[in-house]
1. Contour minus end-to-end for R134 and V100, with contour as 0.36 nm per residue of separation and end-to-end as the Cα-Cα distance?
2. For a Förster distance of 22 Å, can you work out the FRET efficiency between the beta-carbons of L48 and D85, rounded to the nearest 0.05?
3. For A17 and A74, compute 0.36 nm times the residue count separating them, minus their Cα-Cα distance, and round to one decimal in nm.
4. Would you kindly derive the ³J(HN,Hα) couplings of the range 112-121 from the backbone phi angles with the Karplus curve 6.51 cos²θ - 1.76 cosθ + 1.60 (θ = phi - 60°), listing them in order in whole Hz, with x for Gly and Pro?
5. Please give the per residue volume of the convex hull enclosing the alpha carbon atoms of the range 48-106, rounded to a whole number of Å³.
6. May I ask you to derive the relative contact order of the range 6-133, considering only C-alpha pairs under 8 Å and at least 6 residues apart, and to give it as an integer percent?
7. Counting each DSSP H run of 4 or more residues in the chain as -39500 (n - 2.57), what helix-only mean residue ellipticity at 222 nm follows after dividing by all residues, to the nearest 500 deg cm²/dmol?
8. Which three extents, in angstrom, do the Cα atoms of the chain have along their principal axes, listed largest first?
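Just so it is clear, none of the values below were taken in a lab; they were calculated from the coordinates. Since the model is a prediction, treat every value here as computed from it, not as a measurement. Using ideal geometry, Cβ is built from the backbone for each residue, glycine included, and neighbour counts are taken over all protein chains shown.
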Amino acid sequence: MQYAGFLRRMVAAIVDAIIVYPVVFAVTFVTGGSVDMDTSQLNPLALLLEIVILWLYFALFECSQKRATLGKMAIGIVVTDLEGDRISFGRATGRTFGKVLSAAIVLVGFAMAAFTARKQALHDMMAGTLVVVR
């Protein structure tokens, strides 16, 4: 297996952001935004919908037969378990929500992919996954 390096993964993430965030922003706009500007209160419905859209986009694509989001497909990389097999929806969900921790520690969890032997980010280690070149 050839592990996907940090730069390749970053480009895939940018492509994914270009694809999924317009949908998230449209839903946010239609539901009144995740923050009510008049009262500075969170709009729970908008926030919940944003979370669900991002979760399903990443988890469903990464556990599918393609094993990759649209961004990963464009770059030629896939998500696998440690043996190179397709991951389950549960593992894909854990990996997706593990990205919150990877981001919360000043993105260090994502940067770990540049320095670990198998090019794993923190959320990959937590979920027992690899990102490899197709």
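1. Going from the current span to full extension adds 9.6 nm.
2. Calculated value: 0.10.
3. Full extension from A17 to A74 adds 19.2 nm.
4. 4, 4, 7, 10, 8, 4, 9, 6, 8, 7
5. Hull volume normalised by residue count: 98 Å³.
6. Once normalised by length, the contact order is 22 percent.
7. Calculated at 222 nm, the ellipticity per residue is -18000 deg cm²/dmol.
8. That works out to 52, 30, 25 Å along the principal axes.
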